[in-house]
Each structure stands twice: as C-alpha cells, then as structure tokens.
C-alpha cells in the first residue's frame, strides 16, 4: 500500500513514518511506499529507506497534483501551531483550513472518478475545547463535550473535523479525526506553540540548561509521549468505519498531570539539581492561551480501540532519555547534575 | 444607520426589511438605508421605499466590493437550502461556506483598516443538530446540545457558526448566529428545501389544492411563523455582546408540534374538507433527511432576550391567512371548502 504523511518531516510525522516502516504492515496490507510531504526535507534516516520518498513544498501547492495519484491511506498532520495562528490569522486559515479543504477536494475528485474513498486520519487537537462562561469545562473533556474553541487554532481544527465528517458521510473519503493531547517531551528547540514549555521544562534541564516556566505549577493538562501519540494514530487508522458511528472525531487518551507532578517526576528521574533548572518566569500571553485549554481528558472511544497514554510521567521522561542516549548534549544535565 | 440584508429579496429577508422599515429604528439608531443583496430583485413594495436599494448578483461577487463600504449592521440570510446542498455538494460549499467566509473577510479587512467591528446576525439552522448512534438526540435540542450534523447543509451552517465565533473573538466583527427553526407557513411554491412540505400541507389546502405529505403524521418538529422568526433576528441583533459570553451561536425558539397537530389546527381553522386535501405520499429522500432533524427545541438563551415562537399552531395559520387576505387564490380553499 501507498501512504502519504503530510507534515511528514515533522517530529510526529517522522516518528510515525519510522513506526510504519518498522511495522512493514498497516491495516492488513504491506506498506510499499511512504510519501512524506512537508515544507522541509525529512531526516536522513528516512530518506535512506528505499520505500520513502519526499515532497518538499506547501501542502496547498501539492493538493492539485494529488488529484492524479492514488494513496491507500493518508495521515494528515501538517498544521500551523497554536501560537502562530493566534499571532498570524491568515497563516492559520491558509495552513490549517484552506490546505485541508484542498486535500479533501483532491480526494473527492478521485472518488468521483471511480477510486475507492481514501482512508484519512487527521490530527485534530483538544484545543477544540475552550471554556465558556455559559458552558464551563467538565473536569475532564471527552467525546461528548461541546467544543467551544477559544483560539483560532482550535476553531480551525474543529472546522476541519466537521469538513472531514461531512466528506466522509457523503462517501468522498473515509476520514477520522484524532484529537491529540499535548505531546511531550519534544526534542529540539522551543517552537511557536503555546504548549512548547510542556517539553522545554523537561528537555532543557536534562541538557543542563535553564528552562523558563511561563505558567503556575498547579496548571493541569493532559499529555502523552510521542510514541503513544503515534501508536494512537495507527489505531485510529486501523479502526473499522463502524467504530466512528455518526461522528469522525475522537478524543485521544492522555495522562492528566499538573506541572508540579511533571517536575516531581523529573526530580525522581534526574535529581533535584536538574529540577532546579526550571525557573518560574510568567508569560501572560502563554498563560492566557493555556488557561483556555482542558485540564484533563477522558477518551473512552479511543481506549476501546486499544489506544493508550502512559500512566506515569516518569515513563514519558524515560522514553525521551532512551531516544537520546546517543546524543550526549541532550542529556548533559542528567549526567553532570543528576 | 446603514443595514445590509443578504438574501434580502427572499421570503424572510423581504419580511425583515419591511419590519425594519416600519420600526424606523434599530438598536437605538434611526435606519437611513437598507441594502438588499440577492440573486433576484426585491419585491416592488420594498423598491418603492426611498430608504431601500438593491444589489442583484451572487454574494461571492459582491464580497470584494464590501471592503470599501461601511455598514452598521448586516443580516446574513443568503443560503442554499438543505435539499440543494444534499444533491449539489459544490453549490452548498460555495453558497453557504465560501460566500460567508468572503463576507467575513471583507468585514475583517475594514476593521483592520480602522472601522469599528460590524455587527452581523447570521441565520444558522437547527439542522446543525443530527442524531448520532453514539449521541442520541435529547428530547429537545438546545444551546448545550452537541452539534453532530448529518447533512451537508447542517455541516456548512455549523462551520460558519464557528468562523463567526472566531472572527468575533478576534474582534474583527461583532457576530451572532441564530439557529432558526423551520419557518412556516411560507408563501409561493414548494422549493428545494426538505422542509418545504411543512408549509405546503397548510398553504396548498388553503388554496383549494391537494398537498402531498411525504412523511408520517407523527413526525415531530419545532416550527415558527415568519414574523416571530424575523422578530427573533431583530432581538439577536439588539442583544448586548455580553449576552453571548464565549459563544456566538444561539438556538431560537420554536413551537414543538407533530404533523398531526398541524393538520388538526388546519381543520379547526379551515374545516375538515380543507384538511382532507392533504394526501399521504411518502418520499423516502425527504423522510430520510427529516428523520435526521431534531423533534423539539428548547431556547433558554434566546428566550432570555425576549425572543418567542407562537404557542399555538392555529396562530401560525392565522398569520398566514391575515397576510393573504387580499389574495383570493391563496385562500380559495378556505373560502370554497372550509
């Protein structure tokens, strides 16, 4: 089978590609080709696999070409992140809404010319949920919670969920939207996402660097590791159509933790001197965005598919450490201070 | 103040225009001009009012010009109807989604160049609600019911609600979406709306004509008269921003009735021989769409604004009769048979 991953050079996209290539099979069929579409080239290890090809450029520019090409499955992960969408409205509308619509219309075009509906997994987000004075958050949001997004990113993700639901109901595609919780620990540098600090407060101290904490320690939030996130996307792809009944969007599992619990776990894994590198430095813009996010999640439908988040934040930290054991600078703090 | 009504030559748009012109004031300001934008010219009585001007053409073509023009308020009623959207997907996406986005972007463009955010009332629909095996309808849908649309029309309306909510949250517009219940009794001929028969089974018998009934008599549905619908749109326009808290969409009041109760009311108003003109003639396509609609509504937030539907279906029939007392053919059945 031929698989397309949009955002395929990104952190989750590349990890998903590696996972699929290692599995060799998806949904009962052997994987012949994985096409990674992104604005940047994918990592070298992926390009070295004979089954991988890369398309560099904007998704919106690729979408027209997709009318002439059959894929058996698509993971649509390409997205502008929440912070960017709040500062640059046009960027968010183009990257998150227009690009998704163009992709869906390319798939519809193929279906209407006789192809089977393409299976598509869309990475939505629990940012579709926003608190509303008339509809306060339940303690834990889930599939039956009314989405009232309070960020442009959340609104765009939710609009795409509804497009995918309707294109699916019409038979143009076989679409599924997975509402991801915040993925942590991400490698690399902070990005424009308001959730970036959820990785920074673990990653930077492990590298021996100071990390600013822009919110209070009692902020609660659902998180998942990169690998459980990727495994969840695969579960959603492999789920039968019937699982989704009248809806294509599904809330994914998360470990519900506070920042304090994350830092306690860091201390248990890496010692108090590593934890002490996290310095409170309140950022009102980030704190304001995060205050509009759910504090916990319950994901019964996704769990019924077998999707799971970690049950301990230490496991999430240990996954990051295992991933980086060949990169001394990434774990310098752990070795020198811990 | 200058008011724009999109769909202003339509049944609700023209009635809204007449209501505004008769009121002379809206939201504390005198109405100087009412611009009616539609694909057809407005009725002659409206064109005869010196305060009225007309723009004939597609909304999508008008939207660019709206960047150079200030309106104090907009009622955005233009829409392809539910039946059309189900048979012609592209028509629905263009008329309902692309046109709304172009209108919102024109208003955003003005706001970003220094104009105050324009107040906009959008006619959404209770078609945003659809039954879902995983989330059955409550007995009566309302503001806190999870929208899971099962028609393209409903999906498009709901997507527009979320666009309007986000453009409002960002300060580009002051938008409000009113989820209208089915308006009955509409004059004229059946249109492409799946709800068309809710008017046909009253209007045609009153004119002495046979009316097919495409669904069972125990189908239940919330309805409102044209005048209470228009009055509700005015209430939503005049509501303070604070009324909408974190959400801009509001479910409007309806009279929850069964088809049988509608026909009983027809018999009480016009006699058994008029009622007997309604002939069961099941239409699976229409019955299937209507089966996906709510069977009742509760509208606490709109009622708190003073919006009201009728409390008796006889009152709705009598409004239609009063509207048509100078048109003998419209009430021929009432006079000959009743």
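Coordinate-derived values only; no laboratory data. Since the structure is predicted, the reported quantities are computational estimates derived from the model, not experimental observations. A quick note on method: Cβ atoms are made from the backbone with ideal geometry, for glycine too, and the neighbour counts reach across all protein chains shown.
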Normalised by the residues of chain B, what does the relative contact order come to in percent, with Cα pairs under 8 Å and at least six apart? 17 percent
For segment A:124-230, the Kirkwood Rh over every pair of distinct alpha carbons, in Å, works out to 15.8 Å
Most fluctuating of B:309, B:270, B:50 in the GNM of chain B (C-alpha, under 10 Å) is B:50
Among B:288, B:175, B:142, whose mean-square fluctuation peaks in a Gaussian network model of chain B (Cα, cutoff 10 Å)? B:288
When the convex hull of the C-alpha atoms of segment B:177-266 is computed, what volume per residue in Å³ does it have? 108 Å³
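Output the antiparallel fraction of DSSP beta bridges having both residues in the protein assembly as shown, as a percent to the nearest 5. Each step should come with its number before you reach the end.
On the way: 14 of 84 bridges.
Just about 15 percent of them are antiparallel.
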When the label point is put 7 Å from the Cα of residue B:146 along its Cα-to-beta-carbon vector, which residues of segment A:155-190 have a backbone N closer than 14 Å? A:162, A:177-179
How do B:23-32, B:205-214, A:53-62 rank on mean C-beta neighbours within 10 Å, highest first? B:205-214, A:53-62, B:23-32
For segment B:26-87 the mean separation of alpha carbon contacts under 8 Å (6+ apart) over residue count, i.e. relative contact order in percent, is 28 percent
Label points 7 Å out from Cα along the Cβ direction at residue A:285 and residue A:45: separation in nm? 3.4 nm
In 5 Å bins starting at 0, how do the alpha-carbon pair distances of segment A:92-132 split up by percent? 5, 19, 20, 20, 15, 10, 6, 3, 1
Expressed in µm² per second, the diffusion coefficient of the protein assembly as shown from the Stokes-Einstein equation, with Rh the Kirkwood radius over alpha carbon pairs, at 20 °C and 1.002 mPa s, is 80 µm²/s
Counting only DSSP beta bridges with both partners in segment B:155-313, the antiparallel fraction in percent, to the nearest 5, comes to 35 percent
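Provide the convex hull volume over Cα atoms per residue for segment B:184-338, in Å³.
110 Å³
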Please compute the modelled spin-label separation between residue B:56 and residue B:135, points set 7 Å along Cα→Cβ, answer in nm with one decimal. 4.4 nm
In square nanometres and to one decimal, what's the mean projected area of the convex hull around the Cα atoms of segment B:214-272? 5.7 nm²
With equal scatterers on the alpha carbons only and no solvent term, can you work out the Debye log10 of I(q)/I(0) for segment A:249-295 at 0.13, 0.22 1/Å? -0.45, -0.94
Once you place label points 7 Å from the Cα toward the Cβ at residue B:300 and residue A:67, how far apart are they in nm? 4.9 nm
Could you work out [θ]222 nm for chain B from helices alone, using -39500 (n - 2.57) per DSSP H run of at least four and dividing by all its residues? Round to the nearest 500 deg cm²/dmol. -11000 deg cm²/dmol
Bridge type composition, segment B:102-193 - antiparallel percent by DSSP, nearest 5: 10 percent
Here the whole-number average of other chain Cβ atoms within 10 Å per Cβ of A:162-169 is 6
When you have a sec, figure out the Kirkwood radius of segment B:1-159 from all distinct Cα pair distances and drop it here in Å to one decimal? 16.8 Å
Inter-copy distances for residue A:192, nm, shortest first, label points 7 Å along Cα→Cβ, are 3.9
Show me, bin by bin at 20 Å from 0, the whole-percent P(r) of chain B based on Cα pairs. 32, 59, 9, 0
Please give the helix B:11-23 orientation as an angle from the longest Cα principal axis of chain B, in degrees from 0 to 90, rounded to the nearest 10. 70 degrees
Could you work out how far the C-alpha centroid of segment A:229-254 sits from that of segment A:1-20, in angstrom? 17 Å
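Hey, what does the equivalent ellipsoid look like for segment B:119-173, semi-axes from the Cα gyration tensor as sqrt of 5 times each eigenvalue, largest first, whole Å?
24, 11, 10
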Springs between alpha-carbon pairs under 10 angstrom, Gaussian network model over chain B: which of B:37, B:102, B:127 fluctuates most? B:102
If you average 1/r over every pair of different alpha-carbon atoms in segment A:63-143 and take one over that average, what Kirkwood value in Å do you get? 14.9 Å
Length added when fully stretched, residue B:22-residue B:216, from 0.36 nm per residue minus Cα-Cα: 65.8 nm
Assertion target for B:167, B:135, ordered by fewest C-beta neighbours within 10 angstrom first, is B:135, B:167
Relative to the other copies, what are the label-point distances for residue B:58, with labels 7 Å from Cα along the C-beta vector, expressed in nm at one decimal and sorted shortest first? 2.3
